[in-house]
2 protein chains.
Amino acid sequence: LTLLEGRHLVAEAIRTHQRLETVFVTAAGPPLPVSDHWIEIVEVTGPVMERLAGTVSPPGPVAVMKIPEAAPPTTHPTVVLCAVADPGNAGTLIRTAAAFGYHVVFAEGSVDPWSPKVLRAGAGGHFHTAISVIDRDPIAQLDAADLTSIALVSHGGAVLAAPVEGVPAVLVGSEAHGLSTAMVEAAGHRVTIVTKPVTESLNAAVAGAIAMHRYATR
Amino acid sequence: LTLLEGRHLVAEAIRTHQRLETVFVTAAGPPLPVSDHWIEIVEVTGPVMERLAGTVSPPGPVAVMKIPEAAPPTTHPTVVLCAVADPGNAGTLIRTAAAFGYHVVFAEGSVDPWSPKVLRAGAGGHFHTAISVIDRDPIAQLDAADLTSIALVSHGGAVLAAPVEGVPAVLVGSEAHGLSTAMVEAAGHRVTIVTKPVTESLNAAVAGAIAMHRYATR
């Protein structure tokens with residue numbers, strides 16, 4: 001189970017028929033959209049809502065949601081998060097993936113995709129894409145799904161502008177260290193987003209977004 | 001004056017010769033790079049550092065920096081933040097602007113570009129670009145600088161792929177409401193990053209980054 005916090009997320013979960021168990025509301029809170037599926041609604045006081053919610057202030061709502069079953073990667077454009085630890089970046093990558101029609105794989109010790117902070121940054125993107133979690137050897141599973149793995153590296157890769165054959169799996173590394181050497185070497189392609197030499201690197205969510213946009217099918 | 005927090009920011013400020021007045025360190029903190037310009041260094045205890053720093057935990061360092069003079073926009077690629085209130089988005093846009101060689105304009109009630117949270121998300125980008133603050137009528141000032149203003153709109157604009165003549169000024173609106181109608185109408189161009197119809201919009205920092213990358217001169 002996980003916790004959805006705030007009217008936008010809870011309303012989007014209801015609209016897309018997520019499996020909600022309980023929705024906690026306050027008397028002062030905004031009305032929720034009418035729904036045709038069964039949800040338990042519990043009214044609580046402001047102080048109780050304050051204890052329930054970690055990322056938003058009262059008046060709520062907060063909903064308990066069953067996390068969807070994760071499926072392995074398929075032959076579909078995909079972004080792969082490798083040790084992405086920042087919930088804001090992870091959520092933004094999910095939001096962007098949903099916007100550009102990508103699936104999402106969480107690999108190599110990334111943050112939990114269903115934690116409340118990631119859900120909040122995802123802004124409903126979680127409900128519009130497929131999210132998998134892979135514990136080991138993601139490249140082998142991407143290869144098995146017939147995906148073309150593309151490692152984003154801050155220096156030394158091919159320029160992003162060049163086209164890549166096949167269905168892309170864009171690999172995004174951690175903020176602090178980028179992708180591991182093993183991942184970079186195992187990937188089918190190494191690609192660099194050209195920046196001014198003064199800069200160390202782009203934000204992980206920004207780099208992933210620019211690459212997803214480049215390889216998106218329209 | 002503003003406050004730089006954490007070793008990365010303070011070291012980058014020293015390296016790029018920002019006007020630091022005082023650097024607060026703890027005995028347990030990391031060593032700072034040697035500098036050839038005068039800076040007062042004050043050693044404080046852990047609890048004092050905890051009171052000084054808002055965005056990082058001890059062991060520090062924290063530095064007091066003189067905010068550089070803001071200059072009006074010039075004929076140079078520019079990103080314009082219009083009512084961007086989230087410090088993380090504002091900082092990420094500055095970081096991305098620095099990476100792609102853009103100047104930055106804060107307009108229409110955006111967050112303070114020099115607040116500690118924006119500096120932290122900027123990851124040193126503040127020291128590698130020019131940042132202006134415009135209180136009123138930004139389009140007139142962009143026009144005066146002979147910039148081609150490009151309003152990013154979630155629907156109905158020209159597809160981003162099309163080239164635009166002149167030196168670009170990319171206008172990014174607020175997370176909640178996008179650009180104001182007045183700004184959209186006053187801009188020279190209206191451009192949309194095509195997404196799947198399920199999605200409301202991209203994150204503001206992501207949209208700005210994709211547009212800056214598209215119009216960057218390389």
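The values are calculated or read from the model by the stated rules, or taken from the named source; none is laboratory data. Quick caveat: nothing in here was measured; it's all calculated off a predicted structure. Every residue, glycine among them, receives a Cβ derived from its backbone with ideal geometry; neighbour counts consider all protein chains shown. Just the protein is used for accessible areas: all its heavy atoms, side chains included, with ligands, DNA and RNA removed. Shrake-Rupley method; radii C 1.70, N 1.55, O 1.52, S 1.80 Å.
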Task: Lone unmet requirement of (1) closer than 30 Å to B:I193 by Cα; (2) open to solvent by less than 10 Å² (accessible area, probe 1.4 Å) for A:E12 - done: (2)
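Which residues, counting only those in the stretch B:164-176, are under 29 Å from A:T16 (Cβ atoms), of a type outside the set (A, V, I, L, M) and open to solvent by 60 Å² or more (accessible area, probe 1.4 Å)? Can you show your working first?
First, the residues of the stretch B:164-176 that are under 29 Å from A:T16 (Cβ atoms): B:172-176.
Still in the list and also of a type outside the set (A, V, I, L, M): B:173-175.
Result: B:E175, single match.
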Open item on the list: Given the condition touching a helix residue (DSSP H, G or I) at 6+ places or on another chain (Cβ under 8 Å) and away from every other protein chain (no Cβ under 13 Å), answer yes or no: does some residue in the stretch B:153-167 qualify?
Closed with: yes
TODO: Go through the stretch A:112-149 residue by residue and tally those that are under 11 Å from the mean Cα position of the chain (by Cα), of a type in the set (V, I, T) and not in a strand (DSSP E or B).
DONE: 2
TODO: Could you tell me whether the stretch A:69-79 includes any residue that is within 10 Å of the chain's Cα centre (by Cα) and either over 15 Å from A:E5 (Cβ atoms) or in contact (Cβ under 8 Å) with a residue 60 or more places away in the chain (or both)?
DONE: yes
- [ ] Tell me which residues, restricted to the stretch A:67-87, are surrounded by fewer than 24 Cβ atoms within 10 Å (Cβ to Cβ) and out of contact with any Ser or Thr (no Cβ under 8 Å at 6 or more places or on another chain).
- [x] A:P68, A:E69, A:T74, A:T75, A:H76, A:D86
- [ ] Would you please list the contacts, defined by Cβ atoms under 9 Å and residues six or more apart or on different chains, that run from a residue in the stretch B:177-206 that is within 14 Å of chain A (Cβ to nearest Cβ) and surrounded by 20 or more Cβ atoms within 10 Å (Cβ to Cβ) to a residue that is assigned to a strand (DSSP E or B) and among the hydroxyl-bearing types (S, T, Y)?
- [x] B:A204/B:S174
Task: Filter result (surrounded by 18 or more Cβ atoms within 10 Å (Cβ to Cβ), out of contact with any Ser or Thr (no Cβ under 7 Å at 6 or more places or on another chain) and closer than 16 Å to B:A71 by Cα) within the stretch B:131-150 - done: B:I131, B:S132, B:I134, B:P138, B:Q141
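Residue check: is A:V48 β-branched (V, I, T), assigned to a helix (DSSP H, G or I) and open to solvent by 30 Å² or more (accessible area, probe 1.4 Å)? Give the steps one after another, and end with the answer.
Working: β-branched (V, I, T): yes; assigned to a helix (DSSP H, G or I): yes; open to solvent by 30 Å² or more (accessible area, probe 1.4 Å): yes.
Yes.
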Open item on the list: Scan the stretch B:119-130 and tell me whether some residue there is crowded, with 21+ Cβ neighbours inside 10 Å and away from chain A (no Cβ under 13 Å).
Closed with: yes
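Could you please let me know if B:G54 is in a helix (DSSP H, G or I), of a type outside the set (S, T, N, Q) and either within 17 Å of B:D112 (Cβ to Cβ) or open to solvent by less than 20 Å² (accessible area, probe 1.4 Å) (or both)?
Details: in a helix (DSSP H, G or I): no; of a type outside the set (S, T, N, Q): yes; either within 17 Å of B:D112 (Cβ to Cβ) or open to solvent by less than 20 Å² (accessible area, probe 1.4 Å) (or both): yes.
No: the conditions fail for B:G54.
Is it true that A:H128 is more than 19 Å from A:S180 (Cβ to Cβ) and out of contact with any strand residue (DSSP E or B) (no Cβ under 7 Å at 6 or more places or on another chain)?
Yes: the conditions hold for A:H128.
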Task: Residues satisfying the stated conditions in the stretch B:83-107, i.e. touching a Pro at 6+ places or on another chain (Cβ under 7 Å) and within 19 Å of B:A176 (Cβ to Cβ) - done: B:A90, B:F106, B:A107
Open item on the list: Need the failing condition index for A:F106 against (1) away from chain B (no Cβ under 14 Å); (2) open to solvent by less than 10 Å² (accessible area, probe 1.4 Å); (3) in contact with a helix residue (DSSP H, G or I) (Cβ under 7 Å, 6 or more places away or on another chain), just the number.
Closed with: (3)
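Suppose we filter B:T26, B:T22 for residues that are in contact (Cβ under 8 Å) with a residue 24 or more places away in the chain, over 18 Å from B:L119 (Cβ atoms) and of a type in the set (V, I, T); which single one remains? Please lay out each step first, then the result.
On the way: B:T22 fails: over 18 Å from B:L119 (Cβ atoms).
Within the list B:T26, B:T22, the selection yields B:T26.
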Open item on the list: Please go through the stretch B:74-91 and give me each residue that is assigned to a helix (DSSP H, G or I) and either under 14 Å from B:H128 (Cβ atoms) or away from every other protein chain (no Cβ under 14 Å) (or both), ordered by number.
Closed with: B:G91
